[in-house]
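Visitor: Just passing along the structure, written as structure tokens.
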Amino acid sequence: MSNAGIPVNEDGNKIAKTGILAAVMRIASMRETGLIAIILILFIAMSFASPYFLTWVNMRAMVMAFAVEGIVVVGMTILLISGGIDLSVGSVVSFAMVLAGWLFLSGTDPWVASAIAIAACACIGMAMGFCVTKIGLHHFIVSLAFMVIARGACLLITQGRPIGLYTLPPEFKFIGQGSIGPIPFVIVIFVVVVIAFDFMLRRSTVFRKVFYTGSNEKAAAYSGIRTKKVIFLSTVLCSTLSGFAGIIYMARFGSAQPTFGIGMELNVIAAAVIGGASLKGGSGTILGAILGAVLLSVVSSSLALLDVSVYWQDIIRGSILLAAVSFDHYLNKNKA
Amino acid sequence: MPAETILQISKISKSFGAIQALKAVDFNLRKGEIHALAGENGAGKSTLMNIIDGILQPTSGTIHLNGQEVKITSPAQAQKLGIGFVHQEIALCPDISVAENIFMAETNASSARLMNYQDLYERARTVFAQLSPIDPGILVRELSISNQQLVEIAKALTLDCQILILDEPTAALTEKEAQVLFAIMKSLAARGISIIYISHRMVEIFDHCDRVSVFRDGQHIITSEVQDITPDDIVKNMVGRVIDKLYPPKQEQHEKTGETLLKVCNYTEKSRFRNISFEIFKGEILGFAGLIGAGRSEIAKGICGLEGNIEGELWLRGKPVSVKNYQDSINLGMVYLSEDRKGDGIFLDLSIASNVSALCVEQVATRWGLIDASREREQARDLGDRLNLKRGHLDQPVSSLSGGNQQKVALAKMLSVSPRVIFLDEPTRGVDVGAKSEIHGILRNLARNGVGIVIISSELPELIGVCDRVLVVREGLISGEVSGDTLTEEHIMHLASITGSEPMKGHDMQDARP
């Protein structure tokens, strides 16, 4: 749905005749509804196929598997809506871990170290945003370069070896390992981030300008929107959220790995696109993107439970992406 | 003139979904004639030409070429049949040479593995020998718009065609270049090539064409020898009603306030325009005329802070103001409606409501920067009703509307900030006749209510019909002003394309004003 990103609240009582029907039709035709349906079908099928699937432990493991990555998905979705793309997210996640870990081992307070690392990731975003908006390079190339640069920096700092952070204070480890009641704290953070950004993306004027810019950059400029600023800030936001995710990973693993997050960009972009974000910009929702991530995660988990070879899993995930995009293209063509 | 018919179109209809673009149209073309096509935008001329060129397929009807029925399924086949089409929009590859552009189709079809540039340039030079001295070796991007147009024509000529379609080729040409083109057309016709010539300019039709066919609302209305018809008849047939009702009434004498809304002094942008000075009075509609590329749009965009490095002074309602970017301009109440609606005027994929609010989303938001969806829809509903917007649900994308209604959405967006001055660039391009006169009426009402209206248009009848005063721009300078009795196509065309003499400077203009 190309315009799924703009809030579609029902205006039913004004157009009484078609109001309720139209509302039902619109909800039924929304991307999110379709995804939820597919996920539910998978759930039902899997609960028959494997008694282990619907257990609390498995559910928790599945949510944990995408929760932190889900924060990166949020940033990527917003950047995609603005018309950009970021291939460097995986490297930036790793860079945040490695830099914070290295600073901690050098005697810095872990909270300060984390703040510095997140700020450094924001700087990577600024550098990319500068290249895109001031020099006029394409997001794809710029983020490809920074993907390599950030990864190189990780390897340089660690000399290629993982850093063990066994001395992290427990209150810091709580971020990644603690629970509030039965719910892991990571999931709490994830849910808060998702709800906050989903709400802002639907309602706030600031994020509306991201939609305008991505939908038609020139028309946005001709509406008085400073499109370069919008693109710059979207780029910075994506890198900052990636840095934030890196810190959570560090707290969760109690270590910093210079090779962590390789290939993450593909997962993240796939989730956003399955959830309805367009690579051309102008459309997408956080809820949709997260559902895309859930779908990919459920599929992975299902395949693992069914003892399907790991090598098959990638092929299946790629096929799901292709199917989702083709389906979208087909729908849009029929609409026009 | 031999009366041998080369192309016979019979009962051609074409519909796009529910819209019938052509209704059982008959049309014939004689060998060696220059046949003008006249009609408003949306009358069906382009659709018919696209059918002849194989871009579109007719829903029903037949085409006979040299007495034989043909089915033209693609532009490539049209070329084989000897039909060449010079489109209004230039469709050249800017980064390759002129010669390569001209022989692109041939190169594509050729089985040779290597390019023979020597031969290519040689043949291109032969083509240009009869046109204009353009070096076949230079890149298309380095040519002026008018020379690019000539390359398009050269491209069609190399196809060895028997029918040549020219779609408003003079829109981007100076008068001198246009005269060269007419001479070329005459010599081609003398060689037996038939030319279909689409133009809005009556003078060109009467000076250079043999016959004229008029279209309206997808129907063929009349075909006549030019000596048997008058310009008034053509216009009457084009619009299908009495001409003086086509445009809203002009400003009445007693409505002239003399109160200056906006005063522009010595506006200069180093490469686009210089010494631009003029005033917009309350209650009037001011027009900007000139050839494409003369700098009309650039001046409007410059005033609104959309592009360019501007020097000069701007006075809004007697106070000096400075505009650094478009946001400043919007805050001051000066807005610009783009000429390229789909390219930069509207957000096709976004909803009607969010299009209307785009100029100042903050207006429909709460203090916390959250958009109030019901207020946003209310704004779109109110403005849409005011402009008589025919729409479905406000949450539907703008792409679901017709061209005229899309333009009304763009206009509603302008009105959403209650502007003091609106610059409208080609406000009725691609808009059907009904919506067009509706938009003109809306603009007149706005002017009555004290909003300064500036219309930039390439359609002279529109400028003459709607505006109270027209400034003519030529090569980045204001070359003159026409109003009242001098507001005629001849005066404007003369001012738009006079060559040789240096045009009047901006300050002379002010002195010359009564």
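The values are calculated or read from the model by the stated rules, or taken from the named source; none is laboratory data. From a predicted model like this one, the values you see are computed outputs, not experimental measurements. We place every Cβ from the backbone using ideal geometry, glycine too, and count neighbours over all the protein chains shown. All accessible areas refer to the heavy atoms of the entire protein, side chains included, with ligands and DNA or RNA removed. Shrake-Rupley method; radii C 1.70, N 1.55, O 1.52, S 1.80 Å.
Visitor: Using a probe radius of 1.4 Å on heavy atoms only, what accessible surface per residue do you get for chain A? Whole Å² is fine.
Guide: Value for chain A: 45 Å² per residue.
Visitor: Just the number, please: Stokes-Einstein D of chain A in µm²/s, Kirkwood Rh from C-alpha pairs, 20 °C, 1.002 mPa s.
Guide: D, rounded to a whole number, is 103 µm²/s.
Visitor: Quick one: compute the contact order of the range B:5-240, relative version, from alpha carbon pairs under 8 angstrom and 6+ residues apart, as a percent. Before the final figure, lay out the partial values.
Guide: Numbers: 428 pairs, mean separation 68.7, N = 236.
Dividing the mean separation by the residue count of the range B:5-240 yields 29 percent.
Visitor: Output the direction-averaged projected area (hull surface divided by four) of the convex hull of the alpha-carbon atoms of the range A:83-164, in nm².
Guide: If I average the Cα hull's projected area over directions, I get 5.4 nm².
Visitor: Evaluate the charge dipole of the range A:175-306 about its Cα centre and quote only its size in Debye, nearest 20, assuming +1 on the Cβ of each Lys and Arg and -1 on the Cβ of each Asp and Glu.
Guide: Working: 10 positive and 3 negative charges, 118 e Å.
It works out to roughly 560 debye.
Visitor: What's the magnitude of the charge dipole for the protein assembly as shown around its Cα centre, counting Lys and Arg as +1 and Asp and Glu as -1 at the beta-carbon? Answer in Debye, nearest 20.
Guide: 2200 debye
Visitor: Please go through the residue pairs A:218/A:280; B:250/B:342; A:209/A:229; B:45/B:408; A:280/B:324 and name each one whose alpha carbons sit more than 20 Å apart in this structure. Could you put the intermediate results ahead of the total?
Guide: Numbers: A:218/A:280 14 Å; B:250/B:342 30 Å; A:209/A:229 10 Å; B:45/B:408 24 Å; A:280/B:324 30 Å.
Exceeds cut-off: B:250/B:342; B:45/B:408; A:280/B:324.
Visitor: Quick one: grab the alpha carbon gyration tensor of the range B:294-430, order the square roots of its eigenvalues as a ≥ b ≥ c, and give me rounded if a/c is under 1.5, else prolate or oblate depending on whether a/b is larger than b/c.
Guide: Here the range B:294-430 falls in the oblate category.
Visitor: Relative contact order for chain A: what percent, with Cα pairs under 8 Å and sequence separation of 6 or more?
Guide: 33 percent
Visitor: Sticking with the crude label model, points 7 Å out along Cα→Cβ, report the distance from residue B:375 to residue A:279 in nm, one decimal please.
Guide: The two pseudo-label positions are separated by 4.0 nm.
Visitor: Over all directions, how big on average is the projection of the convex hull of the alpha-carbon atoms in the range B:5-240, in square nanometres? Walk me through the intermediate numbers first.
Guide: Details: hull surface 52.8 nm².
Across all orientations, the range B:5-240 yields a mean hull projection of 13.2 nm².
Visitor: Under the rule of at least 5 residues apart or a separate chain, name every residue whose amide H is placed under 5 Å from the amide H of residue B:474.
Guide: For residue B:474, whose amide H was placed from the backbone, the distant partners under 5 Å are B:479.
Visitor: Compute the distance from the alpha-carbon center of the range B:43-67 to that of the range B:327-365, in whole Å.
Guide: When both Cα centres are located, 38 Å separates them.
Visitor: Among the residues of the range A:194-225, which ones have their accessible area go down by 30 Å² or more when all the protein chains sit together, as opposed to their chain alone (1.4 Å probe)?
Guide: A:203, A:205, A:208, A:209, A:212, A:215, A:216, A:218, A:219, A:222, A:223, A:224
Visitor: Run the helix sum for the protein assembly as shown: -39,500 (n - 2.57) per DSSP H stretch of 4+ residues, divided by residue count, reported at 222 nm to the nearest 500 deg cm²/dmol.
Guide: -15500 deg cm²/dmol
Visitor: For the protein assembly as shown, what is the largest minus smallest coordinate of the Cα atoms on each principal axis, given in angstrom and ordered from greatest to least?
Guide: So the three principal-axis extents are 97, 69, 62 Å.
Visitor: Separate question: Give me the mean projected area, in nm² to one decimal, of the convex hull enclosing the Cα positions of the range A:181-286.
Guide: Convex hull of Cα atoms, orientation-averaged projection: 8.2 nm².
Visitor: What is the sum of charges around residue B:287, taking Lys and Arg as +1, Asp and Glu as -1, for the other residues whose C-beta is under 9 Å from the C-beta of residue B:287?
Guide: Taking every Cβ under 9 Å from that of residue B:287, the sum is -1.
Visitor: Could you check how much of the accessible area of the protein assembly as shown is carbon and sulfur, as a whole percent, using a 1.4 Å probe? Could the numbers behind the result be given before it?
Guide: Working: 21770 of 37010 Å².
Taking all protein chains in place, the protein assembly as shown shows 59 percent carbon and sulfur surface.
Visitor: Further question on the same structure: For chain A, modelled as a Gaussian network with Cα springs under 10 Å, which listed residue fluctuates most, A:216, A:267, A:58?
Guide: With Cα springs under 10 Å in chain A, the top fluctuation among A:216, A:267, A:58 is at A:58.
Visitor: Right, something else. Say R0 is 45 Å: what FRET efficiency, to the nearest 0.05, do residue B:125 and residue B:175 get from their beta-carbon distance?
Guide: Efficiency at R0 = 45 Å is approximately 0.95.
Visitor: Among A:160, A:216, A:174, whose Cα lies farthest out toward the positive end of the dipole of the range A:121-234, if unit charges sit on the beta carbon of Lys, Arg (+1) and Asp, Glu (-1)?
Guide: A:216
Visitor: Sticking with this one: Under the Karplus relation 6.51 cos²θ - 1.76 cosθ + 1.60, θ = phi - 60°, what is the ordered set of whole-Hz ³J(HN,Hα) values for the range A:88-95, x standing for Gly and Pro?
Guide: So the Karplus estimates, Gly and Pro as x, are 8, 4, x, 5, 5, 4, 5, 4 Hz.
Visitor: For residue A:285, which sequence-distant residues (separation of 5 or more, or a different chain) have an amide H within less than 5 Å of its own amide H, given hydrogens modelled in the peptide plane?
Guide: The list, which skips near neighbours in sequence, is A:277.
Visitor: Between the range B:376-406 and the range B:102-116, how many Å separate their Cα centres?
Guide: That distance is 49 Å.
Visitor: Would you please put B:223-234, B:399-410, B:361-372 in order of how densely packed they are, using the mean number of other Cβ atoms within 10 angstrom per residue and starting with the highest? The partial results should precede the final answer.
Guide: Details: B:223-234: 14.2, B:399-410: 21.0, B:361-372: 15.7.
Per-residue Cβ counts within 10 Å, averaged per peptide and sorted highest first, yield B:399-410, B:361-372, B:223-234.
Visitor: Put +1 on the Cβ of each Lys and Arg and -1 on the Cβ of each Asp and Glu in chain B; which of B:110, B:46, B:99 then has its Cα farthest toward the positive end of the dipole?
Guide: Farthest towards the positive pole: B:46.
Visitor: So what's the net charge close to residue A:188: Lys and Arg +1, Asp and Glu -1, counting the other residues with Cβ under 14 Å from its Cβ? Each step should come with its number before you reach the end.
Guide: Working: positive: A:60, A:252; negative: none.
Neighbourhood net charge equals +2.
Visitor: Here is a further query. Taking every pair of Cα atoms in the range B:350-416, average 1/r, invert it to obtain the Kirkwood radius, and report Rg/Rh to two decimals.
Guide: On the way: Rg = 11.1 Å, Rh = 11.6 Å.
In the range B:350-416, Rg relative to Rh is 0.96.
Visitor: Determine the total buried accessible area between chain A and chain B, counting protein heavy atoms only with a 1.4 Å probe; round to the nearest 100 Å².
Guide: When A and B are taken together, about 2700 Å² of accessible area is lost.
Visitor: Between residue B:107 and residue A:56, what is the spin-label point distance in nm, taking each point 7 Å from the Cα along the Cα→C-beta axis?
Guide: 7.1 nm
Visitor: Moving to a separate point now. At residue A:112 and residue B:259, where each label point lies 7 Å from the Cα along Cα→Cβ, what is the point-to-point distance in nanometres?
Guide: Output for this residue pair reads 6.5 nm.
Visitor: State the Cα centre-to-centre distance between the range A:41-56 and the range B:146-162 in whole Å.
Guide: 68 Å
Visitor: Here's a follow-up. Let me know the volume per residue of the alpha-carbon convex hull for chain B, in Å³.
Guide: Hull volume normalised by residue count: 171 Å³.
Visitor: Got a sec? Which residues of the range B:327-355 lose 30 Å² or more of accessible surface with every protein chain in place, vs. that chain alone, 1.4 Å probe?
Guide: B:327, B:344, B:347, B:349, B:350, B:354
Visitor: Calculate the dipole size of the range B:1-157 relative to its Cα centre from +1 charges on Lys and Arg beta carbons and -1 charges on Asp and Glu beta carbons; express the result in debye to the nearest 20.
Guide: Roughly 480 debye, rounded to the nearest 20.
Visitor: Among residues other than residue B:15 whose Cβ falls under 14 Å from its Cβ, what is the net charge (Lys/Arg +1, Asp/Glu -1)?
Guide: Result for the neighbourhood of residue B:15: +2.
Visitor: Shifting gears a bit: For chain A, modelled as a GNM with alpha-carbon contacts under 10 angstrom, which of A:113, A:37, A:150 fluctuates the most?
Guide: Maximum among the listed residues: A:37.
Visitor: What number comes out for accessible area per residue over chain B if the probe is 1.4 Å? Units Å², please.
Guide: About 43 Å² of surface per residue is accessible.
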